[in-house]
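This report concerns only the one structure given below.
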Amino acid sequence: MPLTSRDIDFKVDLPDIPATTPVISHTPPCARERDDTTRAIAKVLQIDLKGTAELPHGYAVGSDRGQVEVFSASGAVRARNVERLEAFPDERRRWSDVERDDEGVFRLGDRLTRHLIGHGQELLQRVGLSDEPAGIDVSLGQWAQLNEDGKELDSGPGRATVRFSYAVEGLALIGPGAKTNLHFDPGEDGRSVALARMFHVHRGVAATGEVATQSLDEAFAGLLAQSWSGHGIREGEGRIAITAATFGLLALPADIVQTFAAPALMVEGEVSGVEVGKDETVSVRFGQYLPLAHPRALAEAGYGGGRLEPGTVVRGRTKGR
């Protein structure tokens, strides 16, 4: 049974959506322009360049020590030092400056956080990826050891990631296609750091314009119409709880050709009453990008065919009966 707007519970305040919003045209990527960058990244990661391999999404250069990949669709680069990644037997890392908050989450101390951010910025400058970020933060991996009953026996910090986000015209670029992640491991002393792998995608901007936006009712219509399973939603039990909402320009994955970025609303939440059998329903966590640009406005402005399809990530069952 299709859901209606009355079946949505907003657990967060939705961002204000203006009547018109920016839309940007991307410059076509050029693989040759990445040659100097790939060589610089290989040098930073201490990767020998002994050969080139064609890949479904582009090409890679490197050796047994590691690879630097280039995505033809977007100009994105992904690199890794295999020896550094294999230097640790599991997720556990020993950092010299670690704190644990009241919720049990491990975080790097302020001193080491500042050091990693500065080091990350210097590395990007060195390899020619110096796009001005809109935000920078550091996340720390978490690991836990549990017994057969699910009780935590031990836990600790993992690999640290310096994350760069981007914006255009003051509007955040959201989605998987606009970010830089630098993954660091600690040295034996816990103070020094080593870059183990990285990923960068940020398409160039050729021009900016404006398009009219849809109403929120129109934006949520596609979400409400989904069945979520082969059986659909059980009548009288279906609800959608929206737990997060972010407004921005949607950046598509690195392996997809994208000529323009239009406004979208990134929502996360949970849908209940999803039928998975004759007598069983479950609740499912999800994440989805809802297009906000009016299709007619996109078409009239010359942006593609007027549609930028949303992406959905279903995160799995959370409970059932």
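In segment 130-148, is there at least one residue being in contact (Cβ under 8 Å) with a residue 60 or more places away in the chain, within 30 Å of residue 173 (Cα to Cα) and in contact with a His (Cβ under 9 Å, 6 or more places away or on another chain)?
yes
With (1) part of a helix (DSSP H, G or I); (2) open to solvent by 70 Å² or more (accessible area, probe 1.4 Å); (3) closer than 23 Å to residue 85 by Cα as the list, and residue 125 as the residue in question, which single condition is left unmet?
(3)
For segment 214-225, how many residues are open to solvent by 20 Å² or more (accessible area, probe 1.4 Å) and within 23 Å of the chain's Cα centre (by Cα)?
Qualifying residue count, segment 214-225: 1.
Please determine, by comparing only the residues of segment 163-213 that are of a type in the set (Asp, Glu) and over 19 Å from residue 291 (Cα atoms), which one is most open to solvent (accessible area, probe 1.4 Å).
The qualifying residue most open to solvent (accessible area, probe 1.4 Å) is 188.
Does residue 107 qualify as being touching a strand residue (DSSP E or B) at 6+ places or on another chain (Cβ under 6 Å), under 26 Å from residue 159 (Cβ atoms) and touching a residue at least 24 places away in the same chain (Cβ under 8 Å)?
It is true that residue 107 is touching a strand residue (DSSP E or B) at 6+ places or on another chain (Cβ under 6 Å), under 26 Å from residue 159 (Cβ atoms) and touching a residue at least 24 places away in the same chain (Cβ under 8 Å).
Looking at (1) under 23 Å from the mean Cα position of the chain (by Cα); (2) in contact (Cβ under 8 Å) with a residue 40 or more places away in the chain, find the lone condition where residue 69 falls short.
Of everything listed in (1) under 23 Å from the mean Cα position of the chain (by Cα); (2) in contact (Cβ under 8 Å) with a residue 40 or more places away in the chain, residue 69 misses just condition (2).
Of the residues 116, 129, only one is aliphatic (A, V, I, L, M) and touching a helix residue (DSSP H, G or I) at 6+ places or on another chain (Cβ under 8 Å); which?
129 is the lone residue from the list that is aliphatic (A, V, I, L, M) and touching a helix residue (DSSP H, G or I) at 6+ places or on another chain (Cβ under 8 Å).
Would you mind telling me which numbered condition in (1) open to solvent by less than 60 Å² (accessible area, probe 1.4 Å); (2) of a type outside the set (Phe, Trp, Tyr); (3) at pLDDT 95 or above; (4) within 21 Å of residue 161 (Cα to Cα) residue 84 fails?
It fails just one condition, (3).
So, in segment 114-142, exactly how many residues are farther than 21 Å from residue 40 by Cβ and within 21 Å of the chain's Cα centre (by Cα)?
The total comes to 8.
Counting only residues that are touching a Lys or Arg at 6+ places or on another chain (Cβ under 7 Å) and open to solvent by less than 50 Å² (accessible area, probe 1.4 Å), which one in segment 87-97 is modelled with the lowest pLDDT?
97
Quickly run through segment 99-113 and pick out the residues that are within 17 Å of residue 192 (Cβ to Cβ), outside any loop (DSSP other than H, G, I, E, B) and either modelled with pLDDT of 95 or more or open to solvent by less than 50 Å² (accessible area, probe 1.4 Å) (or both).
108, 112, 113
The values are calculated or read from the model by the stated rules, or taken from the named source; none is laboratory data. What you see is a predicted model, and the numbers here were worked out from it, not measured in a lab. Cβ: placed from backbone, ideal geometry, glycine included. Neighbour counts: every protein chain shown. For the accessible areas, the whole protein counts, side chains as well, though only heavy atoms, and no ligand, DNA or RNA atoms are used. Shrake-Rupley method; radii C 1.70, N 1.55, O 1.52, S 1.80 Å.
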